[in-house]
Amino acid sequence: MGVGGVGIVRLSGPQAVTIAEAVMGTALDRSVRVGWARSVEGDRLDQVLAFAMRAPASFTGEDVAELHGHGGPQNLAALLATVVARGARIAEPGEFTRRAVLNGKLDLLRAEALLGVIHAGSERSLRLAQANLGGKLGEVAAELESRTLSVLAEIEGRIDFPDDDLGIEEARIVDHEIVELARRCDELAHGFRHGRAVQHGITVALVGAVNAGKSSLLNALVGSERAIVAASPGTTRDYLEAVTVWNGVAVTLIDTAGMRSGAAGDAPDEVEARGIELGEKRVASADVVVVVNDGEPWNDGRRYGDRVLLVRSKADLGGDGRPALATSAVTGAGLDELKQRVISLAGVAAREGSEDAFVTTERQHGVMISARDALAAAVAARTTGRVAEVVALELRQAAAALAQLRGNEVGERVLDEVFARFCIGK
Ligand SMILES: Nc1nc2c(ncn2[C@@H]2O[C@H](COP(=O)(O)OP(=O)(O)OP(=O)(O)O)[C@@H](O)[C@H]2O)c(=O)[nH]1
Ligand SMILES: [Mg+2]
């Protein structure tokens, strides 16, 4: 519980209103009342605003009562202890939202978007989360599902009447529609990198030899002196993080301890070795790795695949013609391009403004892949002239996956995973 001006105790369930009324000593409804919340013993606790919303017209779809007290952990703890003493129980993380989903007030996509709104680390991530909270992705999923079901009906309709085969023109339309649906699901699945990056931000690690200028680059990129810079090699002994926003995307920059050449007498000491070890874990999970090189030949023997950007530092001292992006922490040269290249390596579309829906969670991505694969299998089955039953089976699976995307027919386990990431009270 952080410190805030106002603190809210929210109750949901059949007993919610009764408990709140007992605490307030008065009947409650939708109109806001001001009064003293009292302990079970009758002592005044805090002057609060109180109101109640009856099922189903509430966030959770159940009876809900709210007590808006003054902020402050001690004050709120006393209020909370009182409602608990009167029979309430502390909510599980995300339990309010989970109940809202179970009571049909919110689909799972909106619940996930709600989490995105709460945790938005940048304006752009907030906008994306708000678009999904507004039902953007849900609308797209519902439309794809209903189109899939239409094609399925078309094909199933013929199974029972083998003589009544699809005409050439009808078959062409059906094929075209399945291909189109598969293409759209593929596009949405691919949008995950963008959606995830915008929603959750990206991490970018700066690696390279000692003294290459990594810490200077980090400071220049965040525009303040976060990391210590010195002419002596091995200045950064631990890794360090700085958060900034590029193109509306939250970026966590990680500065690491520089790599030694490995020559005799150039081994890291114990502290530095431990720092390197810790940093390596962060590098391994970084979305983009920037390898900083000031001209000395350097190679840490690792391959970072396609998430690597080679940067030549200290370009103000002159270049060596290597094929790397030239930057200078002193003049600021190349920094804007570095940001752009990093953002695009992370899979973020350069321009915003596309009102398209994006999948933003692993769950959504996984389900979208299943839908796409089933549709692709349906396309293949049509092309190779398999019987209609096979095509129908794949289409049914695709429709089921699209329904799951919105949270229809998902199991407890999936719900547990989604809501575990929520904070208590939401
Ligand atoms: N001229 C010039 N000097 C730079 C630039 N960037 C860094 N330096 C100098 O290079 C030296 C090392 O810089 P750091 O940023 O500490 O390098 P580092 O890679 O973090 O080094 P370690 O933490 O020791 O691994 C310092 O003396 C910096 O002033 C640059 O763009 N131009
Ligand atoms: Mg450093």
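A short reminder: the numbers here are calculations on the coordinates, not readings from a lab. Source: prediction; values computed, not measured. No Cβ is skipped: glycine too gets one built from the backbone with ideal geometry, and neighbour counts run over all protein chains shown.
Could you point to the residue in L240, V291, G213 farthest towards the positive end of the stretch 198-345's charge dipole, with +1 and -1 charges on the Cβ of Lys/Arg and Asp/Glu respectively?
Toward the positive end, the furthest listed residue is V291.
Report, ordered by chain and residue number, the lysines lying within cross-link reach of K426, taken as a straight Cα distance under 18 Å and ignoring same-chain residues fewer than 8 apart.
K105
Got a sec? Charge dipole of the chain, +1 on Cβ for Lys and Arg, -1 for Asp and Glu; which of I155, T384, I8 is way out at the positive end?
Working it through, the farthest residue towards the positive pole turns out to be I8.
Under the 0.36 nm per residue contour assumption, what length would be gained going from the current alpha-carbon distance of R274 and S31 to full extension?
81.5 nm
Between I228 and A85, what length in nm is gained on full extension when 0.36 nm per residue of separation is reduced by their alpha carbon distance?
Residue separation times 0.36 nm, minus the Cα-Cα distance, leaves 46.2 nm.
What list of ³J(HN,Hα) values in whole Hz, one per residue of the stretch 229-241 in order, does the Karplus curve 6.51 cos²θ - 1.76 cosθ + 1.60 (θ = phi - 60°) give from phi, with Gly and Pro shown as x?
Each residue of the stretch 229-241 in turn: 10, 8, 5, 7, x, x, 5, 7, 10, 10, 9, 9, 10 Hz.
Run the dipole for the chain about the Cα centre, Lys and Arg Cβ at +1, Asp and Glu Cβ at -1, nothing else charged, and hand back the magnitude in debye, nearest 20.
Approximately 1180 debye in magnitude.
Rule-of-thumb check for the stretch 6-90: C-alpha Rg over 2.2 N^0.38 Å?
The value comes to 0.97.
Once Rh for the chain is found with the Kirkwood sum over Cα pairs, what is the Stokes-Einstein diffusion coefficient at 25 °C and 0.890 mPa s, in µm²/s?
Rounded to a whole number, D works out at 95 µm²/s.
Tell me the relative contact order for the stretch 324-397 as a rounded percent, counting alpha carbon contacts under 8 Å between residues six or more apart.
Over the stretch 324-397, the number comes to 16 percent.
Once amide H atoms are built 1.01 Å from N in the peptide plane, which residues 5 or more positions from L309, or in another chain, come under 5 Å H to H?
Under 5 Å from the amide H of L309: V289, V290, V291.
For K214, which lysines qualify as cross-link partners when the Cα separation must be under 22 Å and same-chain residues fewer than eight apart are set aside?
Reachable lysines: K281, K314, K339.
At 7 Å along Cα-to-Cβ for each site, give me the label-to-label distance between S39 and A153 in nm.
Result for the modelled spin labels: 6.4 nm.
Report the one residue of I202, A77, I178 whose Cα lies farthest in the direction of the positive end of the charge dipole of the chain (charges on C-beta: Lys and Arg +1, Asp and Glu -1; origin at the Cα centre).
Of the listed residues, the answer is A77.
Please list the equivalent ellipsoid semi-axes of the stretch 118-158, computed as the square roots of five times the alpha-carbon gyration tensor eigenvalues, in descending order and whole angstrom.
Semi-axes, largest first: 35, 6, 6 Å.
I need the helices of the chain that pass two filters: whole DSSP H segments spanning 30 Å or more by Cα along the axis, and mean Kyte-Doolittle score no lower than 0.0.
136-159, 362-383
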